[in-house]
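The values are calculated or read from the model by the stated rules, or taken from the named source; none is laboratory data. A quick note: this is a predicted structure, and the numbers were derived from the prediction, not measured. Cβ atoms come from the backbone with ideal geometry, glycine included; neighbour counts cover every protein chain shown. Just the protein is used for accessible areas: all its heavy atoms, side chains included, with ligands, DNA and RNA removed. Shrake-Rupley method; radii C 1.70, N 1.55, O 1.52, S 1.80 Å.
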Amino acid sequence: MALRTLDSLGSLDGRRVLLRADLNVPLHDGRIGDDGRIRATVPTVRWLTERGATVVVCSHLSRPAGSPDPRFSLAPVAERLEELLGAPVAFAADTAGPAASAMIDALEPATVGMIENLRFEPGEASKDAAEREDFARRLASHADVLVSDGFGVVHRKQASVYELARILPSAAGLLVAAEVEILHRLTTGPSRPYAVVLGGSKVSDKLGVIENLLPRVDTLIIGGGMMFTFLAAQGHPVGASLLETSQIDAVRRNIDEARRRGVRLLLPTDAVVAETFSADAAHTVAGVDDLERTPFGASGMGLDIGPDSAAAFADAIRSSSTVFWNGPMGVFEMPAFAGGTRAVAEAMTEVSGLSVIGGGDSAAAVRSLGFRDDQFGHISTGGGASLEFLEGAALPGLEVLGWQP
Ligand code: AMP
């Protein structure tokens, strides 16, 4: 069955729509960092209000422990949405309590309100289905219809993503529909060669992805902190670099499987090794055989791929027809260790076919290095969700909207 889209909802004039968005933006002391996820929600909000709907936006922000925590209030996000829309956004200081009811009752037709962080309620992310169901019923009382547009959470069985979509008439918003359309192209006959580039810190997060992608890709490129577990699996001493010893055997199996399937596995041949984990640390470039033979000895830590690896990765990316990239190549937050991520981003802008950046964090990395969104084919707002989609996993938040992989 196909994804139910906005047109399936019929006339929305005068109706109340609960819009489940993913507004989980980086916050530093209450100030918003990259606002890409808020921008990505604007077209759906406009689409709905232009058709006469009253829109109640809801989202999670970060991971509060199921109770109110002012550090994770959505209030600054409501303000930013107001600026981007150029129209008022009313805000309620709870999700399904008296403040939310009063705010929603006071909304004029075709205007916008936002309720507080869904994860301030234990029912949102509870493991207990009955608790989630209960919270979803309380949320359902806010509206006639649910529009599900938080792509970053569609892989989660959470109250506002899954149970709520079974209680209210529901459909995917413009963002979720666009994400599914692009990612579906990657899973059904991508134009080849097809390369996937994976980085980020933890290999344990990505092993399942790698295993599931091996039958689908021509080239797999590995950088970031996770590369050191691969290098260790090949027998290279990695000093004080990030290393998940418990994953070495599993990584070795992945390497063997790549060879068996004829997948080109590109690992770094050099790295930028630093004396300490800090922006102004002394650092040098070393080949992967010599990571412990720098002036920093066995306490040196690899914080980026080296220039030779960056050039080889960039070549492989440029010569692919379809490329999906998730996770930075190094500690891009520190300029001395951003070179690998920058080189990969640059190469992504030169892909002649479809280039997709997966994940709000990867997108934020690329934007912080000065790249523009329109330099890439598509920037997905969901890292985990896009990876699971590419693996062919069943995503509860999409299945409940009628999508079958
Ligand atoms: P993840 O949360 O798994 O997507 O990883 C993103 C984080 O990985 C970023 O904050 C990077 O700074 C970090 N990272 C990337 N490469 C390395 C590395 N070589 N050593 C330590 N951290 C890294």
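Within the bounds of region 262-273, is there any residue that is in contact with a His (Cβ under 6 Å, 6 or more places away or on another chain) and either within 24 Å of A286 (Cα to Cα) or open to solvent by 40 Å² or more (accessible area, probe 1.4 Å) (or both)? The answer is yes, given that some residue of region 262-273 is in contact with a His (Cβ under 6 Å, 6 or more places away or on another chain) and either within 24 Å of A286 (Cα to Cα) or open to solvent by 40 Å² or more (accessible area, probe 1.4 Å) (or both).
Of the strands (runs of 3 or more DSSP E) lying entirely inside region 1-97, those containing at least 3 residues that are more than 21 Å from A172 (Cα to Cα) and modelled with pLDDT of 95 or more span 89-91.
Residue check: is G200 at positive phi and open to solvent by less than 20 Å² (accessible area, probe 1.4 Å)?
yes
Taking region 314-341 as the range and being more than 13 Å from the ligand (Cβ to nearest atom) and either over 22 Å from H184 (Cβ atoms) or crowded, with 24+ Cβ neighbours inside 10 Å (or both) as the test, the residues that pass are A314, D315, A316, I317, R318, S319, S320, V323, F324. Residue-level analysis places I182 outside the set of residues that are under 30 Å from A298 (Cβ atoms), more than 16 Å from the ligand (Cβ to nearest atom) and open to solvent by 10 Å² or more (accessible area, probe 1.4 Å). Residues in region 276-303 that are under 30 Å from the mean Cα position of the chain (by Cα), exposed (fewer than 14 other Cβ atoms within 10 Å of the Cβ) and within 15 Å of the ligand (Cβ to nearest atom): F277, S278, A279. When G360 is tested against (1) more than 13 Å from the ligand (Cβ to nearest atom); (2) over 28 Å from V238 (Cα atoms); (3) not acidic (D, E), just one condition goes unmet, and that condition is (1). The number of residues in region 101-156 being farther than 14 Å from C58 by Cβ, part of a loop (DSSP other than H, G, I, E, B) and open to solvent by less than 30 Å² (accessible area, probe 1.4 Å) comes to 3.
Any idea which residue in region 379-399 is farthest from A177 (Cα to Cα), counting only those that are at pLDDT 95 or above and surrounded by fewer than 22 Cβ atoms within 10 Å (Cβ to Cβ)? The qualifying residue farthest from A177 (Cα to Cα) is P396. State whether the residues of region 249-264 include one that is within 12 Å of the ligand (Cβ to nearest atom) and of a type in the set (S, T, N, Q). No, region 249-264 contains no residue that is within 12 Å of the ligand (Cβ to nearest atom) and of a type in the set (S, T, N, Q).
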